[in-house]
Amino acid sequence: MRDILHRMLNHESMTREETHDILIGITKSEFPNEQITALLTCMQMRGVTVDELLGLRDGILETGVPVKLDCERYIDIVGTGGDQKNTFNISTCSCFVVAGAGYKVAKHGNYAATSVSGASNIIESHGTHFTDDIDRLNRSINESGVVYLHAQLFAKAMKFVGPIRKALAFPTCFNLLGPIVNPSQPQCQLLGVANLDQMRLYNNVYQKIGIEYGIVNSIDGYDEISLTGDFKVTTNRYERIFKPADIGMHVAEPSQLWGGDTPKEAMKIFDAVLSNQASQAQKEVVMANAAFAIQVLEKGKDIDECVEMARESIESGRALQALRKYVAINS
């Protein structure tokens, strides 16, 4: 570790194997907290590399609880978080819309870090219980179309750096790991990022992992498609900037996407969207994110067709049925 810290002070980078070994060492309490703090600070100041992030990912998956789902193709829809926008639970809501359209979703998430209600908050608010029981998880994805993997049950290594991350007054490379340590290792993922630097980083990460992906960023700083202005999409097949009108949507005002001041308010919005009783802006922003997730699953399908599939999922009531089935299985 001392040699690595000296290298970091010289702005050098680590290999994938080195960061993997460091993560394993952290779980074995081989390093004092002061050295871990110094390492995370150096990495944050210089910027984490693709191989460093992948090495940490390797270590977290190796020391975590794996989830073997018995379905062939499914997607995770997730945001990096930290955009400070406090939107309602758009990506989690999109999961049930995608499920209502006939696809499978393995959502990986946690409690809120910077908003009123995170993915785990909104799922739990419906009276459900988190589990790592593989039979229950497989029943959930196969019968409702959605399985929710609460991060704290699976990423065991995270608890070893929890106190250090909490004490530091800034995000670290561990904040970037959430989207890529889904214990079921999905073949497809739609990821929302808060800036274009993150988009470039994850684009290179996904190419090395070798999955089907879409990365989205709203130019005004949302880590999802917000429809508040132009947004950029990068996938295995194309890179393009869209306007809301390009996919038949209206421009939304930031206030229309507000997630409320309490978890109860966030749940009310979430349920209104899936019940087809939400405002136009709330409904369209979920449809947009769900549509691009469907496009990742359906290689080459026209985005207009994917939008209509998302719309039909909500308006037919199938998205709501997916939620109700999920709740029945997991309560």
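The values are calculated or read from the model by the stated rules, or taken from the named source; none is laboratory data. Nothing here was measured: the structure is a model prediction, and the numbers come from that model. Here Cβ is always computed from backbone atoms with ideal geometry, including for glycine, and neighbour counts include all displayed protein chains. Side chains included, ligands, DNA and RNA excluded: accessible areas come from the protein's heavy atoms. Shrake-Rupley method; radii C 1.70, N 1.55, O 1.52, S 1.80 Å.
Structure notes:
- Annotation: Glu253 fulfils all but one of (1) surrounded by 20 or more Cβ atoms within 10 Å (Cβ to Cβ); (2) in contact (Cβ under 8 Å) with a residue 24 or more places away in the chain; the unmet one is (1).
- Residue match in segment 19-35 (condition: hydroxyl-bearing (Ser, Thr, Tyr), more than 30 Å from Asp132 (Cβ to Cβ) and open to solvent by less than 60 Å² (accessible area, probe 1.4 Å)): no
- If you check Val205, Val285 for being surrounded by 15 or more Cβ atoms within 10 Å (Cβ to Cβ), aliphatic (A, V, I, L, M) and under 21 Å from Gly102 (Cα atoms), only one passes: Val285.
- Identity of the residue in segment 180-197, more than 20 Å from Asn138 (Cβ to Cβ) and over 13 Å from the mean Cα position of the chain (by Cα), that ends up surrounded by the fewest Cβ atoms within 10 Å (Cβ to Cβ): Asp197
- Looking across Ile215, Ile164, Ile219, one residue alone is of a type in the set (A, V, I, L, M) and open to solvent by 40 Å² or more (accessible area, probe 1.4 Å). It is Ile219.
- Residues of segment 118-137 that are open to solvent by less than 60 Å² (accessible area, probe 1.4 Å) and either touching a Leu at 6+ places or on another chain (Cβ under 6 Å) or of a type in the set (Phe, Trp, Tyr) (or both): Phe130 alone.
- Check on Ser94, part of a loop (DSSP other than H, G, I, E, B) and open to solvent by less than 20 Å² (accessible area, probe 1.4 Å): no
- Where a residue in segment 33-51 is in contact (Cβ under 8 Å) with a residue 12 or more places away in the chain and its partner, wherever it lies, is among the β-branched types (Val, Ile, Thr) and in a loop (DSSP other than H, G, I, E, B), with Cβ under 7 Å and at least six apart: Leu40/Thr172; Gln44/Thr172; Asp51/Thr15
- Looking only at segment 236-250, and only at residues there that are over 17 Å from Glu308 (Cβ atoms) and not β-branched (Val, Ile, Thr), the one that is surrounded by the fewest Cβ atoms within 10 Å (Cβ to Cβ): Tyr238
- Counted as qualifying within segment 1-55 are the helices (runs of 4 or more DSSP H) with 2 or more residues that are more than 18 Å from Arg165 (Cα to Cα), namely 2-9, 16-27.
Here's the yes/no breakdown for (1) at pLDDT 95 or above; (2) touching an Asp or Glu at 6+ places or on another chain (Cβ under 8 Å); (3) over 19 Å from Ile90 (Cα atoms):
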| position | (1), (2), (3) |
| --- | --- |
| Asp132 | yes, no, yes |
| Asn138 | yes, yes, yes |
| Glu143 | yes, no, yes |
| Tyr148 | yes, no, no |
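- Once segment 222-235 is narrowed to residues that are in a loop (DSSP other than H, G, I, E, B) and free of Cβ contacts under 8 Å to residues at least 40 places away in the same chain, the residue that is surrounded by the most Cβ atoms within 10 Å (Cβ to Cβ) is Thr228.
- Filter result (at pLDDT 85 or above and either surrounded by fewer than 23 Cβ atoms within 10 Å (Cβ to Cβ) or farther than 20 Å from Ala293 by Cβ (or both)) within segment 104-117: Lys104, Asn110, Tyr111
- Taken over segment 273-331, the criterion of being without any contact (Cβ under 8 Å) to a residue 24 or more places away in the chain, of a type outside the set (A, V, I, L, M) and closer than 28 Å to Gly127 by Cα is satisfied by Gln277, Ser279, Arg324.
Residue-by-condition table, conditions (1) at pLDDT below 95; (2) at positive phi; (3) of a type in the set (Asp, Glu):
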site	(1), (2), (3)
Gln35	no, no, no
Glu52	no, no, yes
Pro66	no, no, no
Thr80	yes, no, no
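- Of all the listed residues (Lys283, Lys264), the sole one being closer than 14 Å to Thr92 by Cα and not in a loop (DSSP other than H, G, I, E, B) is Lys283.
- Considering (1) closer than 22 Å to Thr87 by Cβ; (2) in contact with a Phe, Trp or Tyr (Cβ under 8 Å, 6 or more places away or on another chain); (3) at pLDDT 90 or above, the lone condition that Leu196 does not fulfil carries the number (2).
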